[in-house]
Amino acid sequence: MVGGLTQFSISFFKELFIPPYEVVEVRKHMIELGLKTLPIVSLTGFIIGLVLAMQTQPVLARFGAEAFLPGSVGISIVREIGPILTALIFAGRVGSGIGAELGSMRVSEQIDAMEVSAVDPFRFLVVTRIFACTFILPILTVYVIFIALIGSYIAVVLVQNMTWAYYTGAVITSVQFGDAIPGVAKTFVFGFIVGVVGSYKGFTATNGTEGVGRASTTAVVVSSLLILIFDMILVKVTLWLWPTI
């Protein structure tokens, strides 16, 4: 599994810079994957922001620090909760879809037919999907962060009757540029993980419809696990590179 994924990733980078470039396919996949994931990440981001603020408020109230509620919630959402939440939802929604789609094409011999027709299936089917996943996830992450902050503002209004101007001012003051960059930047890695795992499991699927289902399920599980592992590593790297943020 590890060796296969590594070789699959190396093949992706080899093919990525060799023309011709499938720009139309990449754009189509980015739009498709983004639109499919938008409703669920919108709802989830809003609820998470709402719940996080409601759960944090009584904890800060114990120490008389309720004034720090907007800033603490904003930093939590921007640095960790927004990126990791979006990545896990993206893995469940997109990773399974890619695994099932490519798996169906493999077991129905459509990929073999493309090879016979002198079309490189790896470049056309795999490279475009991985590239699209890598660059659409950061965009979704920024959107989810914004929606989650709106949800947290509504919760803050319910418990503290705070104005929008004061809330945004407190968030902007607390959340520094160095908080946003590492949080969003690591989603490029998460998007690549989702794309490469889903494509690998689907592209190598066997055993008919049973193999398609297994590829779809395994893609979600492996992607989610790798996202959590790499998140731990990237957090440590971030703290090492920017120890003061």
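Structure notes:
- For the range 97-110, a residue qualifies if it is under 19 Å from LEU5 (Cβ atoms) and either crowded, with 20+ Cβ neighbours inside 10 Å or not charged (D, E, K, R) (or both), and the qualifying residues are GLY97, ILE98, GLY99, ALA100, LEU102, GLY103, ARG106.
- Exactly one residue among ALA87, ALA113 is out of contact with any helix residue (DSSP H, G or I) (no Cβ under 8 Å at 6 or more places or on another chain) and surrounded by 12 or more Cβ atoms within 10 Å (Cβ to Cβ), and that residue is ALA113.
- Some residue of the range 167-175 being aliphatic (A, V, I, L, M), loosely packed, with under 14 Cβ neighbours inside 10 Å and under 27 Å from the mean Cα position of the chain (by Cα): yes
- All of (1) in a helix (DSSP H, G or I); (2) at pLDDT below 90 hold for VAL119 with one exception: (1).
- Taking (1) over 22 Å from the mean Cα position of the chain (by Cα); (2) in a helix (DSSP H, G or I); (3) within 30 Å of THR218 (Cα to Cα) in turn, PHE90 satisfies each apart from (1).
- Elements of type helices (runs of 4 or more DSSP H) contained in the range 141-245, each with 3 or more residues being at pLDDT 85 or above and among the hydrophobic types (A, V, I, L, M, F, W, C): 177-203, 208-241
- Residue that is surrounded by 24 or more Cβ atoms within 10 Å (Cβ to Cβ), small (Gly, Ala, Ser), closer than 28 Å to ILE229 by Cβ and in contact (Cβ under 8 Å) with a residue 40 or more places away in the chain, where the choices are GLY195, GLY211: GLY195
- Annotation note: of ARG106, ARG129, the sole residue that is charged (D, E, K, R), closer than 20 Å to LYS28 by Cα and in a helix (DSSP H, G or I) is ARG129.
- Selection count, the range 176-192, where residues are polar (S, T, N, Q) and surrounded by 24 or more Cβ atoms within 10 Å (Cβ to Cβ): 1
- Checking the stated criteria, VAL94 turns out not to satisfy the condition of being among the β-branched types (Val, Ile, Thr) and surrounded by fewer than 17 Cβ atoms within 10 Å (Cβ to Cβ).
- The number of residues in the range 33-61 being surrounded by 15 or more Cβ atoms within 10 Å (Cβ to Cβ), modelled with pLDDT under 90 and within 30 Å of GLY198 (Cα to Cα) comes to 3.
- Of all residues in the range 41-65, those that are farther than 14 Å from ILE77 by Cα and either free of Cβ contacts under 8 Å to residues at least 12 places away in the same chain or not in a helix (DSSP H, G or I) (or both) total 8.
The values are calculated or read from the model by the stated rules, or taken from the named source; none is laboratory data. In this text, all values refer to a predicted model and were calculated from it rather than measured experimentally. Cβ coordinates were reconstructed from backbone atoms using ideal geometry, including for glycine residues, and neighbour counts include every protein chain displayed.
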